[in-house]
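Q: Attaching a single structure in structure tokens format; questions to follow.
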Amino acid sequence: MPKGIQKRVAVEGKETLTRNRYSVRGNPVQHIAFIKVHKAASTTMENIFLRYGYEHDLVFALPRKKDRGGIKFLTKQNILPIPKNKHIDIFCTHVRYVKEDFHDMLPGDAVYIGIVREPFSQFESSIRFLRQKVVVDIPVKNPVWEYLAHNEKYMKHGGDRIPTTYNFMSYDFGFPIELFWKTDFNAMQDYLLKLNEEFDIVLIMEHLDESIVLMRRLLNWDLRFVLYGKLNAKKSLDSRLKFGPNEEKLYQNWAKLDYALYYFFLQKHKERIQNQPPDFFEELAYFRETRMKYDHFCSGLLAGNISKSQLSFEGSAWNKPFIISKENCEKLYIHDVTFINILKRRHLQS
């Protein structure tokens, strides 16, 4: 156990260990806007917000269309009607970020959270997981290299005529359309500075645990609410899809926006870590230990390898004592569309 998490006390001549006293103070944040970036651990993060909102009976902005995990823009026309005399507490599904839309739809004190991932690994995950036909259907030995080397031949477009296989993170973060077609470093930097003002924190997938601990402190939540289980893991590998140094070099030519976005917020993340008090790293170690214990129990319970139905966790400086059950475990791994449909049914009954 990391130094500082436990302290020794003498009881009747015997030395025992006790947790530090619970130190979370103040009201927890309950108004949240999360930009769910494609293939950047965003489903894992979404699950945290869905579980928290479900347990606290908060109001979500939920897609109006059936079985959809996202919307094009955050407008009244795209979400289920909000119950009378209530307002949106949490938005956490896929959408293109438009500042004015979010400010119109969410309370003024909402905390804005985003997430980014190293661009080439995000591209690889997108191709492998989504099986984008524009790449995988190219009838050559190395379709990834072929696609990137002859992009003008294969490129397809999505919303706003944006390429569908790169700079996808920048699209989710609402970068101006003209920057997808014209390299303007000054305009890119201006928009990054704008995002930095508008977002309270941008998480880094490669430093997910550190990011979540930072987020927990910002939200003033009990630590148990930010424990997670990994969702949407890679599908089986396709030997035709190669993502080596040659492909990465080609990709860098096409994804300048995503690289600028990622490294800007990676630097902000490092600066934030440097400014944390010493107990940040104690909490990080405790968070990882607790998360692994939670994950191991739930995966074993749901697989039928564990007979006991509950697991108790002691309190710490960052969480009160709590118990998890099969219901908690099921929600830890539930598919996001399934969870959203559960929330829709409850929403329509309110």
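Q: Looking at region 308-332 only, could you name the residues that are in a helix (DSSP H, G or I) and farther than 15 Å from Lys230 by Cα?
A: Selection gives Lys326, Glu327.
Q: OK, next. State whether one or more residues within region 225-243 are in a helix (DSSP H, G or I), out of contact with any helix residue (DSSP H, G or I) (no Cβ under 9 Å at 6 or more places or on another chain) and surrounded by fewer than 20 Cβ atoms within 10 Å (Cβ to Cβ).
A: Filtering region 225-243 down to residues in a helix (DSSP H, G or I) leaves 225-226.
From what is left, the residues that are out of contact with any helix residue (DSSP H, G or I) (no Cβ under 9 Å at 6 or more places or on another chain) are none.
Checking region 225-243: not a single residue is in a helix (DSSP H, G or I), out of contact with any helix residue (DSSP H, G or I) (no Cβ under 9 Å at 6 or more places or on another chain) and surrounded by fewer than 20 Cβ atoms within 10 Å (Cβ to Cβ).
Q: Of (1) under 27 Å from Val24 (Cα atoms); (2) open to solvent by 20 Å² or more (accessible area, probe 1.4 Å), Ser350 satisfies all except one. Which?
A: Of everything listed in (1) under 27 Å from Val24 (Cα atoms); (2) open to solvent by 20 Å² or more (accessible area, probe 1.4 Å), Ser350 misses just condition (1).
Q: Kindly provide the set of residues from region 11-57 that are in contact with a His (Cβ under 9 Å, 6 or more places away or on another chain), at pLDDT below 95 and either open to solvent by 30 Å² or more (accessible area, probe 1.4 Å) or among the hydrophobic types (A, V, I, L, M, F, W, C) (or both), ordered by number.
A: Val37, His38
Q: Another question, then. Kindly indicate which of Tyr259, Tyr294 is outside any loop (DSSP other than H, G, I, E, B), farther than 30 Å from Val136 by Cα and open to solvent by 10 Å² or more (accessible area, probe 1.4 Å). Spell out how you get there, then give the answer.
A: Details: Tyr259 fails: farther than 30 Å from Val136 by Cα.
After applying the criteria, what remains is Tyr294.
Q: Still on this structure: What number goes with the only condition from (1) assigned to a helix (DSSP H, G or I); (2) over 25 Å from the mean Cα position of the chain (by Cα) that Asn305 does not pass?
A: (1)
Q: Let me ask another. Is one or more of the residues making up region 151-163 touching a Ser or Thr at 6+ places or on another chain (Cβ under 9 Å) and closer than 14 Å to Ser42 by Cα?
A: Checked region 151-163: no residue is touching a Ser or Thr at 6+ places or on another chain (Cβ under 9 Å) and closer than 14 Å to Ser42 by Cα.
Q: Out of region 90-109, which residues are surrounded by fewer than 21 Cβ atoms within 10 Å (Cβ to Cβ) and farther than 19 Å from Met169 by Cβ?
A: Listed by number, the residues that qualify are Glu100, His103, Asp104, Met105, Pro107, Gly108, Asp109.
Q: Does region 156-176 contain any residue that is assigned to a helix (DSSP H, G or I), open to solvent by less than 10 Å² (accessible area, probe 1.4 Å), touching a helix residue (DSSP H, G or I) at 6+ places or on another chain (Cβ under 6 Å) and not acidic (Asp, Glu)?
A: Checked region 156-176: at least one residue is assigned to a helix (DSSP H, G or I), open to solvent by less than 10 Å² (accessible area, probe 1.4 Å), touching a helix residue (DSSP H, G or I) at 6+ places or on another chain (Cβ under 6 Å) and not acidic (Asp, Glu).
The values are calculated or read from the model by the stated rules, or taken from the named source; none is laboratory data. Quick caveat, the model's predicted, so the values are computed rather than measured. Note: ideal-geometry Cβ built from the backbone for every residue, glycine included; neighbour counts use all protein chains shown. The accessibility values were calculated without ligands, DNA or RNA, using every heavy atom of the protein model including side chains. Shrake-Rupley method; radii C 1.70, N 1.55, O 1.52, S 1.80 Å.
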